[in-house]
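Chemist: Here it is: the structure, laid out below.
The values are calculated or read from the model by the stated rules, or taken from the named source; none is laboratory data. These numbers were taken from a predicted model, which means no experiment stands behind them. Reconstructed Cβ throughout: ideal geometry from the backbone, glycine too, with neighbour counts over all protein chains shown.
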Amino acid sequence: MLESIISYGLAVGAVYALIGITYNVMFTASRVFSFTAGMVGMLGGVLGALFINRLGLPVWVGFPLTLAAGAVIGVITEIITVRPVLKSIEQHLYVLSTLAFALMIQQFTAIEWSTESQPFPRLIDIGPGLLDQQFWLPVLACGAVIVGLELLYRHTLIGHAFLAIAEDNYAARALGLPEQSLRMMSYALAGMIAVLAGFAGGEILLAFFGNGPMLNFYGFVPVALGGMGSNRGAVVGGIALGLFQQAANFLFGGIFASVAVFVVFIIVLLARPEGLAGAVAVRRV
Amino acid sequence: MDATTRPLARARPLAPRWLGRMEALWPFLLLGMAGLCLPLLDDSYLGVIATRACIYWVLVSALNLVVGFAGQIAIGWVALLTLGAYVTSVLTAGTAIPALPPYLALAIAAVSGAIFGVIVGLPALRLRTFYFAMTTLGFATIVTQVALAWRGVTGGGIGVPGPVFPEPFDSRWGFYYFCFGIAAVCTWMTANIAASRFGRALVAIRDAEVAAEAAGISKPSLLMIVFLFSGAVAAVAGGLFASLQTYITPDAFTFDLSVLFFIAILIGGRGSILGPLLGTILLTVLPEFAAPLVAWSTFLYAALLLVIVLAMPGGIAEMLDFRNRRPLEQHREIAPRTDVLPRVLARSGERAALTLQGISLSFGGVRAVDTLDLTIHPGEVHGLIGPNGSGKTTTLNVISGYYAPQSGQVLLGAEALPQRAPQRRAGHRIARTFQTPRLIGGASVLENVMIGGTIAGRGSFVESLLSLPRHRRDEAALNEAAMLALTTVGLEQLASVRADRLQHSELRFMEIARALMLSPTFLLLDEPAAGLSAEEIRRLGALIVAISRQGTGVLLVEHHADLIFDICDRITVLNLGKVLAAGTPAEVRSHREVVNAYLGA
Amino acid sequence: MPISVPEPLLQVTGLAAGYGKIDVLRDIDMTVGEGEIVALLGPNGAGKSTLLRAVSGLLPRTGCVRFGGRDLAGASPRDTVRAGLIHVIEGHRVFTQLSVFDNLQLAGYALTRRERGRRVEEALAFFPEIAAKRQDRAGTLSGGQQQMLAVAQGLVGKPRLLMLDEPSAGLSPVLVDRVLAAAGRLRDTGTAILLVEQLIEKALALADRVYALARGTIVLQAGTDESDLPNRLEHAYFGQDVSAPLAY
């Protein structure tokens, strides 16, 4: 049973971590948290099932197509829900605009795809048991994203530009960096990471429209606990969450596992509102 | 006609504020009439819809105070509907304890809703917006999960029958009137709150939190009251909902429903009662009249929300706000009337001075203020000047309690003022203005000023809720005091205008009027002349001098050298956090080092 | 035959700007010629930084700004950088997470790789002190070094006019001299400089012409070789007569 907890726990934890990273990428680009992170994650699973199962496309076509869709939705998110409200003084509007768009995505999926969860295609036939692809695929995806982001941020000019925009938006603008297109590209990247999460976790989570709100919440927990913008925190938080959830599941059963996770989350958050990583001082007056 | 003979202006009789932004009572009466007459149509399907709309409005009317007025993004409030529905149903069905009569069950549900509302709302005091929204969603999920799991009591997935209210409310139309009655009462109560100092204080917390603190408003206690009320009412709505459904299961309380309530408020417009009422009716009724739309209803609500956020964040209320579309007079002058001041600044016998002793404060590695000593005497205008980064605003923030010094203390007379407690300054009658005007754009100028006098009110929240005599006395007194303050600063003509339509210079004077509401013994002004024309600066100077002549001690932080040297009795010059020079204007003006500091040699 | 006066490199006419409802600048006229250093002085709150931001496009403005003969109406900071008008903002703000080298690379974001490499090396040559630290994270540099890095970033854009906003702020006198000396060398290579400064003595020593800004308008313009400048400046700042003359 310990095996099962670890394998499931790592797998869903990796999915949560990836959604957390999605939140982070969007946040560092725009200082905005978006409700679309989990929804696009859900789309990763749904589109994967759509392209490969329903339309019969081979994996090496379906997967890039899904990634492309994720990028496109990320860009649309930036254009219609983030960019217009960044100019406004009223800070809270982005919560509403991204929520509205996230709901539209969810409802559209429910109506056009299905309200029932659908099976996700088997991608690589290894397993069952610990080596089953449904377990290590999400972990692999998570590792690949971490490495990829590290390479991007440390060794490419555009990655440096992303870091610059995140650290000091004003100075970046003054330097002549194309702040707007960089933000769009960040959102496209975030969209791709989200669909990757849903795609890699597809066999475990299935292609289900209801995954959206669930991923929104469980993908947010690592961010809240690990600190905003910290990818390392998101990974540690996500894996820890996944393992804790599976352990609680096993010990108490499904319902009380959710309650346990939530209670721990709320307590930690109230004790350390800025996350376990540290405090951020804000000058108000 | 000079200043002393011009009669004191009276504000245009304001429509009772509890009618949102409408001029008259008529929309509510119209809706009321329509509602009362509905049974005459004798369409039972319509009756169900109307009953549902009433029940939703009961919840939304109270949630409106949390979301629309206090600005808290409580998306998951359906948790309280679920709680109320299950508590009422379980208690009347007798699955946990022997069955109770429905009214008692409803009352118990209300109490449990109040408690749970406070629990759900508590994180709002610590967490930022998005985080809080997420936690409310979490609560909503948990409640539904618990309902699903606790099969013995709630019937799990199978559910439990809803309560049935006794005659005459057991018939279809009887129950409708019951819900309609409760909805009407809720409308009246929340409208009373909207027009009370509590409603204004909520909006102040939402839009101008630092200004609210300076006015003495305590965010935690106010939010807790509102969460308590909102939770109780939502639970009652839950009980009614359960009765309407006749049988409830956990999947009746979906994410969609929660979002529906939230969207109704945002579409209706924050800070309004009528707007969310129309929004709720719209969102309940819409899917029914367009059959193919039912499946797409949530999609459409979401799309509508997106459009509202992008195009008209003020919602329906803003669309209906015709009064604030009338053009304002172009060339407006601000003409303060200092003869009115004695009525505004009640002179007390107190002669205590405001003293800073050895104040030091660093940010990071930078010494912002370094062992500063400063005394402001009652009745004097004390200027505080210095180059950028010299610590002027930091000093002001320490005096007003927003920053705590790392050493030293602030004394009022002999009493040390509490550190990092800006909302306690108002009680000591220490008022301030801000470097960038903090205002509530969507409220009128008069309401903005009335916020300054919030702590003068004596009535409790419940008294406001029920519009009892003490509440009405409070309102009349605040109204009059605010008009006096506006007349003093010369803005009485603009009393009923939306504050965000004012010019920058008018906003500066409005802040002073708001500060005057405390009848302050000490007034702290943070660069009040920034952005003013030469003539306006002259009038500002005259006003400040007049205020000080009434016995109020004024601390004037400024860049405008002319104004400082003109009106100050004493001046302190700061440079790099230390006192460079202090004395009369003549002494300071000829001080070599001061000139050097300004010229940066 | 009429001699046509060549248009100055930077020509600002009737410029007004502010933040939201607050008007800070009113009716500003100023020019900067090729290869000259112009100092912009004034007390705090006068609007000096606002003026630079309005010219470089960081803030919206009304009025006319012409650079190198072209109208810069509606230009974003990206456009003005491309045109050769570069703004080094106040506060020596560099990207602390990135190395010195990467900070400079970012300044050349829009260039081809080869051109970018060349210009980065040229900029580093101007400031040998930070060239030695090219792989170090910018966050480890001292304030003065960060200021030099910020100016170097400006140089990567090969400016025809470099606007420096209070480069001396927070620096020790030695470092201030170093930075201002670098500005002088730049002028010698043909780059025009618009220098906003608090340190009047040093600014006057370096500049060819001076503008004084107070309460949102230009209150004085003069060549730095004119007599009695310090007095006239003080008069302009305070708007009152001086009772204790300032003596060097």
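Chemist: Across segment C:64-118, what is the number of residues that are small (Gly, Ala, Ser) and at negative phi?
Modeler: Number satisfying all stated conditions: 9.
Chemist: Against the conditions (1) modelled with pLDDT of 90 or more; (2) assigned to a helix (DSSP H, G or I); (3) of a type in the set (Gly, Ala, Ser), where does A:SER34 fall short? Just the number, please.
Modeler: (2)
Chemist: Kindly establish whether C:ALA123 is hydrophobic (A, V, I, L, M, F, W, C) and either at the interface with another protein chain (Cβ under 9 Å from one of its Cβ atoms) or within 16 Å of A:ALA161 (Cα to Cα) (or both).
Modeler: no
Chemist: Ok, one more. Here's a check for you: in segment C:14-61, which residue that is touching a strand residue (DSSP E or B) at 6+ places or on another chain (Cβ under 8 Å) and of a type in the set (S, T, N, Q) is nearest to the other protein chains (Cβ to nearest Cβ)?
Modeler: Only one residue tops the list, namely C:SER56.
Chemist: Next up: Need the failing condition index for A:LEU55 against (1) buried (at least 21 other Cβ atoms within 10 Å of the Cβ); (2) free of Cβ contacts under 8 Å to residues at least 40 places away in the same chain, just the number.
Modeler: Failed condition: (1).
Chemist: Exactly one condition in (1) more than 8 Å from chain A (Cβ to nearest Cβ); (2) surrounded by fewer than 16 Cβ atoms within 10 Å (Cβ to Cβ); (3) part of a helix (DSSP H, G or I); (4) not polar (S, T, N, Q) is not met by C:ARG82; state its number.
Modeler: Unmet for C:ARG82, out of (1) more than 8 Å from chain A (Cβ to nearest Cβ); (2) surrounded by fewer than 16 Cβ atoms within 10 Å (Cβ to Cβ); (3) part of a helix (DSSP H, G or I); (4) not polar (S, T, N, Q): (1).
Chemist: Follow-up question, since we're still on this one. Could you pull out the residue among A:VAL61, A:VAL95, A:VAL82 that is part of a helix (DSSP H, G or I), exposed (fewer than 14 other Cβ atoms within 10 Å of the Cβ) and either aliphatic (A, V, I, L, M) or without any contact (Cβ under 8 Å) to a residue 60 or more places away in the chain (or both)?
Modeler: A:VAL61
Chemist: Now for a different question. For segment B:388-426, which positions are among the β-branched types (Val, Ile, Thr) and either within 14 Å of chain C (Cβ to nearest Cβ) or within 22 Å of the chain's Cα centre (by Cα) (or both)?
Modeler: Listed by number, the list holds a single entry, B:THR393.
Chemist: Among the listed residues B:GLY152, B:GLY159, identify the single one that is in contact with a strand residue (DSSP E or B) (Cβ under 7 Å, 6 or more places away or on another chain), surrounded by fewer than 21 Cβ atoms within 10 Å (Cβ to Cβ) and at pLDDT below 90.
Modeler: Of the residues listed, the single one that is in contact with a strand residue (DSSP E or B) (Cβ under 7 Å, 6 or more places away or on another chain), surrounded by fewer than 21 Cβ atoms within 10 Å (Cβ to Cβ) and at pLDDT below 90 is B:GLY159.
Chemist: Moving on. Give segment C:1-52 a look and list any residue that's hydroxyl-bearing (Ser, Thr, Tyr), buried (at least 17 other Cβ atoms within 10 Å of the Cβ) and without any contact (Cβ under 8 Å) to a residue 60 or more places away in the chain, or say none.
Modeler: The answer is C:THR31, C:THR50.
Chemist: Looking only at segment B:161-212, filter to residues that are within 24 Å of B:ILE55 (Cβ to Cβ) and in contact with an Asp or Glu (Cβ under 8 Å, 6 or more places away or on another chain); which one of those is farthest from the other protein chains (Cβ to nearest Cβ)?
Modeler: B:GLY174
Chemist: Still on this structure, I have one more. For segment C:123-157, what are the residues that are of a type in the set (Val, Ile, Thr), over 16 Å from the mean Cα position of the chain (by Cα) and crowded, with 23+ Cβ neighbours inside 10 Å?
Modeler: C:ILE130
Chemist: Can I ask one more? Given the criteria assigned to a helix (DSSP H, G or I), in contact (Cβ under 8 Å) with a residue 24 or more places away in the chain and more than 14 Å from chain C (Cβ to nearest Cβ), does A:LEU225 qualify?
Modeler: Yes: the conditions hold for A:LEU225.
Chemist: Within segment A:255-264, is there a residue that is in a helix (DSSP H, G or I), under 14 Å from B:MET134 (Cβ atoms) and either within 14 Å of chain B (Cβ to nearest Cβ) or at pLDDT below 85 (or both)?
Modeler: yes
Chemist: Quickly run through segment B:213-235 and pick out the residues that are among the polar types (S, T, N, Q), over 22 Å from B:TYR56 (Cβ atoms) and crowded, with 24+ Cβ neighbours inside 10 Å.
Modeler: Passing the criteria: none in range.
Chemist: If you check A:ALA174, A:ALA194, which single one turns out to be within 7 Å of chain C (Cβ to nearest Cβ) and either touching a His at 6+ places or on another chain (Cβ under 7 Å) or at pLDDT 95 or above (or both)?
Modeler: From the options A:ALA174, A:ALA194, the qualifying one is A:ALA174.
Chemist: Could you run through segment C:138-150 and say how many residues are away from every other protein chain (no Cβ under 12 Å) and within 15 Å of C:PHE127 (Cβ to Cβ)?
Modeler: 6
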